[in-house]
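To start, the structure itself, in structure tokens.
The values are calculated or read from the model by the stated rules, or taken from the named source; none is laboratory data. Because the structure is predicted, anything quoted here is derived from the model rather than measured. Cβ: placed from backbone, ideal geometry, glycine included. Neighbour counts: every protein chain shown. Remember, those area values only see protein heavy atoms, side chains included, never the ligands or the DNA or RNA. Shrake-Rupley method; radii C 1.70, N 1.55, O 1.52, S 1.80 Å.
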Amino acid sequence: MSLVTDASTTEAPATEVAAGRNRFTLRQRIILRIIIAAGYSFIRLIGPTLRVSVSREEGAEKTLDERPLITSFWHACIIPSTYIFRNFGVRVMSSNSYDGEYMGRIIRKFGFVAVKGSSSRNAVRALLGLRRALQEGWTVAFSIDGPRGPRHKVKPGPVALARSSGAPLSMYHTAVESAWVLNTWDRLIIPKPFSRVLLRFGPLIPVPADASDEDLERYQQQLQDSLDRVREFAEANIKKVGTHEFPYYHGT
């Protein structure tokens, strides 16, 4: 498998760091440094121990580094996703909030590129940045129910971006056999060492450039259904991975 490394993505630009200094108090900046160091170190430590299996529905992308695509996943999967898709140069929408700041800085250390914005603020600017990334041949990713929920509910951004860019929609879910699950709005999954992980992809969904607003609602529901389906499959089969009971559907 080939990994695409963009050395310029691993460190935050100086102007962005300076903006962060102006935005947060001294106490917040100190806490940020602690969270970023701890989060990065934890993922680097746990990630190599995970036993990852990939399963695909018919019509899904054939390799992890296929691009450009508009990929969606649930916010709860962000930790295993960060390690699995490290150094692919994936562009992601990053919230301007305090939570978004530390997560954005952590994922940059794993080769992701954060595009500032969120579903509620600066969304248009961020979507334009993501469209530019798609035109340059990069994949972009959405933690589709973030940054604050509602949990497991698809938002319209990826579908609109697919119409304007011509890149197809992709979706996946990562089920983790053994994990700590936080009591947060998204039920964040923190994998335990040496846990099995099942990465299940759904089929690509192309959205034509002449799709009407009514069509977009239909594609959004199709994305919702696909995400629900891959989540149900992954969670139902994670304990069967590596045994004769695992259902070898197309592309597994």
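So, residue 21, is that one at pLDDT 90 or above and open to solvent by 60 Å² or more (accessible area, probe 1.4 Å) or not? In short, no. Residue 74 meets the conditions (1) at pLDDT 90 or above; (2) over 26 Å from residue 148 (Cα atoms); (3) open to solvent by less than 60 Å² (accessible area, probe 1.4 Å) in every case but one. The failed one is (2). Within region 193-216, restricting attention to residues that are among the β-branched types (Val, Ile, Thr) and within 30 Å of residue 241 (Cβ to Cβ), the residue that is surrounded by the most Cβ atoms within 10 Å (Cβ to Cβ) is 197.
How many of the residues in region 47-61 are within 18 Å of the chain's Cα centre (by Cα) and either touching a residue at least 60 places away in the same chain (Cβ under 8 Å) or assigned to a loop (DSSP other than H, G, I, E, B) (or both)?
Initially, region 47-61 is screened for residues within 18 Å of the chain's Cα centre (by Cα), giving 47, 50, 52-56, 60-61.
Right, trim to either touching a residue at least 60 places away in the same chain (Cβ under 8 Å) or assigned to a loop (DSSP other than H, G, I, E, B) (or both) and you get 50, 52-56, 60-61.
Qualifying residue count, region 47-61: 8.
Within region 30-46, track down each residue that is surrounded by 14 or more Cβ atoms within 10 Å (Cβ to Cβ), of a type in the set (A, V, I, L, M, F, W, C) and more than 16 Å from residue 179 (Cα to Cα). Hits for region 30-46 are 31, 32, 35, 36. For region 146-169, the condition of being in contact with a Lys or Arg (Cβ under 9 Å, 6 or more places away or on another chain) and either without any contact (Cβ under 8 Å) to a residue 40 or more places away in the chain or in a strand (DSSP E or B) (or both) holds for none of the residues.
For region 187-209, state whether one or more residues are part of a helix (DSSP H, G or I) and of a type outside the set (Gly, Ala, Ser). Can you show your working first?
Initially, region 187-209 is screened for residues part of a helix (DSSP H, G or I), giving none.
Scanning region 187-209, I find no residue that is part of a helix (DSSP H, G or I) and of a type outside the set (Gly, Ala, Ser), so the answer is no.
For the subset of region 47-63 comprising residues that are among the hydrophobic types (A, V, I, L, M, F, W, C) and open to solvent by less than 30 Å² (accessible area, probe 1.4 Å), which member is farthest from residue 189 (Cα to Cα)? Reasoning before the result, please.
If we filter region 47-63 for residues that are among the hydrophobic types (A, V, I, L, M, F, W, C), which is where we start, we get 50, 52, 54, 60.
Those left that are additionally open to solvent by less than 30 Å² (accessible area, probe 1.4 Å): 50, 60.
Values: 50: 13, 60: 24 Å.
It comes out as 60.
Checking 195, 212 one by one, the residue that is closer than 15 Å to residue 161 by Cα and small (Gly, Ala, Ser) is 212 and no other. Scanning region 123-137 for residues that are without any contact (Cβ under 8 Å) to a residue 12 or more places away in the chain and either basic (Lys, Arg) or open to solvent by less than 30 Å² (accessible area, probe 1.4 Å) (or both) yields 125, 132.
Considering each of 140, 159 in turn, give the residue that is within 17 Å of residue 217 (Cα to Cα), β-branched (Val, Ile, Thr) and surrounded by 24 or more Cβ atoms within 10 Å (Cβ to Cβ).
Numbers: 140 fails: within 17 Å of residue 217 (Cα to Cα).
Answer to the selection: 159.
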